[in-house]
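**Q** Got a structure here, written out as structure tokens. Questions coming.
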Amino acid sequence: MKRLIFTLLLLLFASGTVAAEVVKYVNDYLLITLRSGPGSQFKIEKNLGSGTRLTILQQSEDGKFSLVRTDKGVEGWVLNQYLVNRPVARQLLGQVQSELATLKEQHQTLQQRHAEISDEKESITQERTALSEQLETTEHKLEVLEEVAARPIQLESENSRLTNEMVELRNRLRITEEKNRALEDSEARQWFAVGAVVLFLGIILGLIIPRLKPRRSDSWGGI
């Protein structure tokens, strides 16, 4: 989960990261052309889809074209007007949706675990109640035996047994209460972590989705 949050933070603040090389992405147009030279008269080497990651190698003299290299090592010239500095919103949305789907699966697993913990907690509560009642009964018996001190020889064995039983019951009750507190603390931490990540993803989606509106190009040059 920590790796998931870290990845999302990197995507969100990518614009402020200083890179060793210039990297740009094909904008929201469906396809642009990769040509053998800096001009529309040159041969088309490859069509590049929206969101393609490109490394800038060189600029043309008129500043309209860039020599680029794809992640697969293919080089060619593209129009600068179709390049943007960050991944397009559609690509970012796909990444966030994938992360969100993973998070939902984790959330479902936590819900199942929560149900199991609730059942276990109820069982421990019932056991604690039964032990408390048993302890109360044993203490009452001990008080009665102490009042009947006229028969010390006959009562000595019973008194010792009940005393040991009371000590054992108190230890069992203490252990049960510690288990119950541990379960409550674990449940609270899990729900807090999931709630924080879901809220964070909701904010990211709210920032990205408005950028998905289609845009029109005034020129088809280079496409």
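Any read-out appearing in this document is the output of simple, stated calculations on the displayed coordinates, not a laboratory observation. Remember, predicted model here, so these are calculated numbers, not experimental data. Glycine also receives a Cβ, built like all others from the backbone with ideal geometry; neighbour counts cover every protein chain displayed.
**Q** Using the beta-carbon distance between Glu143 and Asn171 and R0 = 30 Å, what value does 1/(1 + (r/R0)^6) give for FRET efficiency, to the nearest 0.05?
**A** Numbers: r = 20 Å, r/R0 = 0.68.
FRET efficiency, Glu143 to Asn171: 0.90.
**Q** Write out the GluC sites (Glu not before Pro) in region 163-208 meeting two conditions: DSSP loop, and at most 16 other Cβ atoms within 10 Å of their Cβ.
**A** Listed in order of number, the matching sites amount to none.
**Q** By count of other Cβ within 10 Å, fewest leading, how are His114, His140, His107 ordered?
**A** Ranked by crowding around the Cβ, least crowded first: His140, His114, His107.
**Q** Tell me, Trp77, Trp191 in order of fewest to most beta-carbon neighbours within 10 Å?
**A** Trp191, Trp77
**Q** From the phi of every residue in region 112-129, what ³J(HN,Hα) in whole Hz does the Karplus formula 6.51 cos²θ - 1.76 cosθ + 1.60 yield, where θ is phi - 60° and glycine or proline is x?
**A** Per residue, the Karplus-derived 3J(HN,Hα) values read 5, 5, 4, 5, 5, 5, 5, 5, 5, 5, 5, 5, 5, 4, 5, 5, 5, 4 Hz.
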